[in-house]
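Okay, structure first, notes after.
The values are calculated or read from the model by the stated rules, or taken from the named source; none is laboratory data. Everything numeric here is computed off the predicted structure, so don't read it as measured data. Cβ placement follows ideal geometry from the backbone for every residue including glycine, while neighbour counts extend to all protein chains displayed. Note: accessible area is taken over every heavy atom of the protein model, side chains too, but ligands, DNA and RNA are not part of it. Shrake-Rupley method; radii C 1.70, N 1.55, O 1.52, S 1.80 Å.
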Amino acid sequence: MLKEGLEKQEILKILNEKLKSDYSYKSGSILGSMCTEPLAIAVEIYMKYVAKNLGDPGLFLGTADLEEELVTEIGDLFSGKKIIGTFTTGGSEANLIAMRIAKKLRPDISFPEVVVPCSAHVSFDKAADLLGIKLRKAKLNDNFELDLNHFNSLINNNTCGVVGIAGTTSLGLIDPIEDIGRIIENKDIFFHIDAAFGGFILPFLKNLNLPSPLWDFSVKFVDSITADPHKMGMGVIPTGGIFLRDKSILQKTGFEIPYLAGGNFKHLHIVGTRSGGTVIAFWAILKSLGINGFNKIVEKCMNNTNYLVKRIGEIKGIKLATNPIMNVVGITTENGRSICKIDEELRKKNWMLGKFEEFNLIRVVVMPHVQKNHLISFIEDLESILKK
Ligand code: 0PR
């Protein structure tokens with residue numbers, strides 16, 4: 001550490017230099033990320049309220065009320081009406097909280113197990129590891145859809161929870177949530193939906209008359225949902241969210257913190273100190289965009305997705321892994337050739353995609369920062385790589 005501090009101008013200059021190697025959303029290079037440039041109003045509001053700490057809500061009563069108001073709005077969006085919920089550091093923390101609840105609600109099970117599709121995000125492996133839960137992974141069919149029979153066969157007397165995904169990490173697919181609901185009907189099993197990515201796009205796909213199977217609290221047996229503002233919600237990093245149908249879960253499974261300056265309260269979080277600024281910023285996003293604002297953004301993403309899908313169909317040597325439901329496009333090879341070489345060449349040209357070796361696919365996430373002209377240049381480069 002320096003003995004004497006530097007002038008602000010000097011610090012800005014050093015930072016400018018040091019951060020030059022970062023990729024930017026605006027350049028279009030970032031084609032494989034589920035994050036995006038936050039909405040300008042969110043950045044402004046976040047900076048204004050950056051010191052608010054929801055880890056001690058008794059000191060920030062207004063912020064805590066605002067969080068509740070936001071949860072109520074999200075409840076309406078997810079057909080849940082009177083749900084409870086809270087904002088987290090991201091989808092991983094939200095999924096960890098859900099897995100902990102599933103375990104806590106079944107103290108009678110000594111060796112708890114949770115059944116997830118094999119397409120589940122790595123956060124479930126982390127949660128299982130931390131909580132001492134055995135994760136049972138159900139296979140996918142050749143078309144990347146969940147093998148429901150296999151999923152069903154993994155449920156046994158030790159199963160305390162099952163997970164369905166609404167917007168898989170690799171392809172943006174939606175598991176058959178209603179079918180999973182029917183499987184666990186009359187069983188004392190917690191049903192969690194990971195809509196970390198899908199949560200803030202699926203409600204708007206419906207408005208655009210695009211197909212969107214039921215996935216939220218409208219499915220009777222769904223107990224909880226992860227949905228992240230810092231993905232398709234265009235919120236500030238870090239903002240995730242966990243939403244629960246049963247209000248009594250906070251009392252039943254929450255941690256008590258009696259010594260806080262603002263007074264006693266219960267919470268479900270893994271972290272203690274927690275940003276209020278990110279929550280206020282997301283509140284501002286919903287107010288500023290409204291349903292119609294979200295519809296427009298989602299429409300743009302889907303138009304660009306359709307453009308990309310059409311262009312990929314015209315290129316020899318590659319094909320779509322599956323038809324996208326949302327703005328996630330998986331590209332694989334036509335002849336079973338490894339996709340890795342193509343990914344390597346794309347990286348040399350500064351196209352940063354997600355690579356899923358186990359499925360032999362690369363993934364473009366057509367986020368709001370992705371413009372049509374970015375996709376046009378991307379396709380040009382992809383074609384030239386394949387011609388080599
Ligand atoms: N659930 C699903 C379905 C996800 O796709 C992710 C992350 C999570 C949970 C975990 O969310 P957090 O990362 O907020 O904890 N999905 C992205 C992915 O793996 C994360 C990501 C984001 C990766 C931006 C790269 C990137 O540039 O693709």
Checklist entry - Restricting attention to region 348-355, does a residue exist that is more than 24 Å from residue 198 (Cβ to Cβ), within 25 Å of the chain's Cα centre (by Cα) and within 16 Å of the ligand (Cβ to nearest atom)? => result yes
Next on the checklist: Checking the condition in contact with a strand residue (DSSP E or B) (Cβ under 9 Å, 6 or more places away or on another chain) and outside the structural domain of residue 123 (by TED's automatic domain parsing), which residue from 291, 270, 342 passes?
Outcome noted: 342
Checklist entry - Just checking, which of 178, 185, 145 is open to solvent by 60 Å² or more (accessible area, probe 1.4 Å), in contact with an Asp or Glu (Cβ under 9 Å, 6 or more places away or on another chain) and on the phi < 0 side of the Ramachandran plot? => result 145
Next on the checklist: Pairs needed: first member in region 285-308, under 17 Å from residue 228 (Cα atoms) and open to solvent by less than 10 Å² (accessible area, probe 1.4 Å); second member anywhere, part of a helix (DSSP H, G or I) and aromatic (Phe, Trp, Tyr); C-beta distance under 7 Å; at least 6 residues apart or different chains.
Outcome noted: 294/204; 298/204
Checklist outcome for this item: The condition of being touching a His at 6+ places or on another chain (Cβ under 9 Å) and not basic (Lys, Arg) holds, among 250, 289, 260, only for 250
Checklist entry - Does any residue of region 316-329 turn out to be closer than 23 Å to residue 230 by Cβ, open to solvent by 20 Å² or more (accessible area, probe 1.4 Å) and not charged (D, E, K, R)? => result yes
Checklist entry - Quick one: how many residues across region 186-197 are more than 16 Å from the ligand (Cβ to nearest atom), in a loop (DSSP other than H, G, I, E, B) and in contact with a helix residue (DSSP H, G or I) (Cβ under 9 Å, 6 or more places away or on another chain)? => result 1
Checklist entry - When region 90-124 is examined, which residues are found to be farther than 20 Å from residue 156 by Cβ and surrounded by fewer than 20 Cβ atoms within 10 Å (Cβ to Cβ)? => result 100, 122
Checklist entry - So which of 243, 255, 200, 204 ends up being away from the ligand (no atom under 16 Å from the Cβ), touching a helix residue (DSSP H, G or I) at 6+ places or on another chain (Cβ under 9 Å) and modelled with pLDDT of 95 or more? => result 204
Item to check | Unique residue being closer than 29 Å to residue 45 by Cα and charged (D, E, K, R) when the list is 247, 310, 252, 296 | outcome: 296
Checklist entry - Only one of (1) open to solvent by 10 Å² or more (accessible area, probe 1.4 Å); (2) in contact with a Leu (Cβ under 9 Å, 6 or more places away or on another chain) is not met by residue 69, so which one is it? => result (2)
Checklist entry - Are any of the residues in region 335-347 outside any helix (DSSP H, G or I) and in contact with a helix residue (DSSP H, G or I) (Cβ under 9 Å, 6 or more places away or on another chain)? => result yes
Checklist entry - How many residues are open to solvent by less than 60 Å² (accessible area, probe 1.4 Å) and out of contact with any helix residue (DSSP H, G or I) (no Cβ under 8 Å at 6 or more places or on another chain) if we restrict to region 40-57? => result 2
Checklist outcome for this item: In region 104-136, residues that are within 13 Å of the ligand (Cβ to nearest atom) and closer than 20 Å to residue 249 by Cα total 1
Item to check | Hey, residue 168 touching a helix residue (DSSP H, G or I) at 6+ places or on another chain (Cβ under 6 Å) and of a type outside the set (A, V, I, L, M) or not | outcome: no
Checklist entry - Which residues, taken from region 7-39, are assigned to a loop (DSSP other than H, G, I, E, B), open to solvent by less than 40 Å² (accessible area, probe 1.4 Å) and within 16 Å of the ligand (Cβ to nearest atom)? => result 28, 29, 31, 32, 33, 34, 35, 36, 38
Item to check | The listed residue being crowded, with 23+ Cβ neighbours inside 10 Å, part of a loop (DSSP other than H, G, I, E, B) and not aromatic (Phe, Trp, Tyr), out of 246, 228 | outcome: 228
Checklist entry - Given the structure, is residue 152 more than 16 Å from the ligand (Cβ to nearest atom), part of a loop (DSSP other than H, G, I, E, B) and more than 20 Å from the chain's Cα centre (by Cα)? => result no
Next on the checklist: If residue 248 meets every condition in (1) without any contact (Cβ under 8 Å) to a residue 60 or more places away in the chain; (2) within 16 Å of the ligand (Cβ to nearest atom) apart from one, which number is that one?
Outcome noted: (2)
